[in-house]
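Working notes for the structure below.
The values are calculated or read from the model by the stated rules, or taken from the named source; none is laboratory data. Small disclaimer: the values here were computed from a predicted structure and weren't measured. Because the Cβ atoms are built from the backbone with ideal geometry, glycine has one as well, and the counts that use them run over all protein chains shown.
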Amino acid sequence: MKRMFLSGLKIFYIMKKNNFYITTPVYYPSGQPHMGHAYSSILADVFARFNRNDNNKVYFLTGTDEHGLKIQKTAEKKGLEPVIYCDKMSKVFKDLAKKLNLSNDDFIRTTEKRHYKAVNDLWNKLFKSGDIYLSKYKGWYSVSDEAYYNSDEVIEKNGKKFSTFSGSSVEWVEEESFFFKLSLWQNKLLEFYEKNGNFILPISRRNEVINFVKSGLKDLSVSRTSFTWGIKVPNNDKHVIYVWLDALTNYISALNYPNIEDEFYKNFWPVSLHIIGKDILRFHAIYWPAFLLAAGLKPPNRIFGHGWILSGDEKMSKSKGNILNPLEIIDTYGIDELRYYLMKEVSHGSDGNISSDSLKRCVNSDLANNYGNLCQRVFSFIKNNCNNKVFKTKNISESDKKLTDQTNIITKNLRKDMLNLNLNNYIKSVIDISFLTNKYINDEEPWKLKNNNVEKMNNILHISLEQIAKISILLNPMIPNASTKVLDALNITNKNRNHDFLDGNILIPNEVQINELNILFNKIN
């Protein structure tokens, strides 16, 4: 991993090996979780699991953002104190993390003491540096987005005002406010983007951010006086800190900030990757690095803004009533099935339209008919004809060598695909290996050799098991449950379930004893 140090405007890089810090957004629990939350979380989990399998030390953070006017209003409607409401909703998101089979190391809530301490320290640094000043705010504000919008970003429909960016309603706000001198960071941010070409991915999002910054940055209102649910401005209880300055700080409060000499903080900051939806790109790619640089802290290494999960042609949202419940889909089809489908079928730089029909096609084609069938036919044959044991000799055929060479060519670029966040290509490549292995078995016909060439039959079966092991490790980030069952059946120890085979290391011994393996994926009718 690369680690950045900023001195003036000059960027220096050193290698930071074996540490990978990844985050989801902290989710706003003003409503029930939907497929968009599931997508961000699973996407982050896939990268976290891949890096663990690649022998990196991973820290994976998710959580809930529990302050702001929207939370206060929602709690009031339900007749609850905000903190009681947040306790209830945070548990919903914690339960979702378990249901999605996330491997997160921490779950942070912005109502925790460790977070309050971090936010207060960051505010004091910005105030002491002169980057925060007191004035008056006049402008358009969206309670739903907890975001400020310029006049050219507001449109009128049926006598009401809406953000052209998100479609949410906006209201005119005038109140005393502290401001962050965002305008002073315009050129410094543009220079930072120029020196760090992969800071924002995909490229379309990078271009969007750069164009916005070039159009001119205005100072940002970073406090409110019209509501009370939030972290108070230090030494000024009249003001509540702007929810985004509050929320973004979670990424460092989880690392024991403000203790920047703490080994935990030094090992994992700056973050390797923020996974976010494109609707909150501006906050992460403009405000967040500006806050950090102004406070003398290192900005993130990379931000990936994925597209929206669509229902029909619209983004899913509570207000539109088109939310697809991930829990219902998991209960109907299974968690591995949902994880794989979302990662395979949704292009990670674009919006993705999901449906039950496309999920069925994806699961049946890739998981049931391809990978699942490969595992089942090989394990069943070995059980019925080889007493669950196969061996490999040195008499490797040209067909055997061809399959191994083809696999090595495909796997050569898999680390690069994941480093570049090209998950679609990664998955396609692994499924191609499964397809080639199924074809190899069909062509070699080991069932015809059991009575006249046991040695060759064993070689074919051994190489097939080796292929299955490779495929299972590579698919593990997407389908951890099913792939773990296969690796267990292959008796591959936990310490060997990594990517060392990509570097030419032996994955399974010459003589392999397997366990029985049940059907992994049932076809969906």
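Here is a yes/no grid of residues against (1) closer than 16 Å to V512 by Cβ; (2) touching a residue at least 60 places away in the same chain (Cβ under 8 Å); (3) part of a helix (DSSP H, G or I); (4) hydrophobic (A, V, I, L, M, F, W, C):
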{"position": "G372", "(1), (2), (3), (4)": "no, yes, yes, no"}
{"position": "R377", "(1), (2), (3), (4)": "no, yes, yes, no"}
{"position": "I382", "(1), (2), (3), (4)": "yes, yes, yes, yes"}
{"position": "N385", "(1), (2), (3), (4)": "yes, yes, yes, no"}
{"position": "V390", "(1), (2), (3), (4)": "yes, yes, no, yes"}
{"position": "N395", "(1), (2), (3), (4)": "no, yes, no, no"}
{"position": "D400", "(1), (2), (3), (4)": "yes, yes, yes, no"}
{"position": "Q406", "(1), (2), (3), (4)": "no, no, yes, no"}
{"position": "I409", "(1), (2), (3), (4)": "no, no, yes, yes"}
Original post:
Is it the case that S151 is free of Cβ contacts under 8 Å to residues at least 40 places away in the same chain, among the polar types (S, T, N, Q) and in contact with a strand residue (DSSP E or B) (Cβ under 6 Å, 6 or more places away or on another chain)?
Top reply: no
Original post:
Got a sec? Which of I441, I479, I460 is closer than 24 Å to R415 by Cβ and not aromatic (F, W, Y)?
Top reply: I479
Subject >> Search result, residues across the stretch 62-75 that are of a type outside the set (G, A, S) and either surrounded by fewer than 24 Cβ atoms within 10 Å (Cβ to Cβ) or farther than 20 Å from F304 by Cβ (or both) >> reply: T64, E66, H67, L69, K70, I71, Q72, K73, T74
Original post:
Say we look at the stretch 197-249 and pick out the residues that are within 16 Å of F283 (Cβ to Cβ) and of a type in the set (D, E); which of these is farthest from the chain's Cα centre (by Cα)?
Top reply: D219
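Could you list all residues from the stretch 44-87 that are among the polar types (S, T, N, Q) and under 28 Å from S142 (Cα atoms)?
Correct list: T62, T64, Q72, T74.
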Original post:
What is the one condition in (1) among the acidic types (D, E); (2) farther than 29 Å from P29 by Cβ; (3) touching a helix residue (DSSP H, G or I) at 6+ places or on another chain (Cβ under 9 Å) that E261 does not satisfy?
Top reply: (3)
Subject >> Residue ID - farthest from the chain's Cα centre (by Cα), chosen from residues in the stretch 340-359 that are under 20 Å from S429 (Cα atoms), of a type outside the set (S, T, Y) and modelled with pLDDT under 80 >> reply: G349
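The rows are residues; the columns are (1) modelled with pLDDT under 95; (2) farther than 19 Å from L436 by Cβ.
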site: N364; (1), (2): no, yes
site: L367; (1), (2): no, no
site: N370; (1), (2): no, no
site: V378; (1), (2): no, no
site: C386; (1), (2): no, yes
site: I396; (1), (2): yes, no
site: S399; (1), (2): no, no
Original post:
Where in the stretch 26-143 are there strands (runs of 3 or more DSSP E), lying wholly inside it, with at least 1 residues that are polar (S, T, N, Q) and assigned by TED's automatic domain parsing to the domain that holds G167?
Top reply: 57-64, 132-142
Original post:
With (1) out of contact with any strand residue (DSSP E or B) (no Cβ under 8 Å at 6 or more places or on another chain); (2) buried (at least 18 other Cβ atoms within 10 Å of the Cβ) as the list, and S142 as the residue in question, which single condition is left unmet?
Top reply: (1)
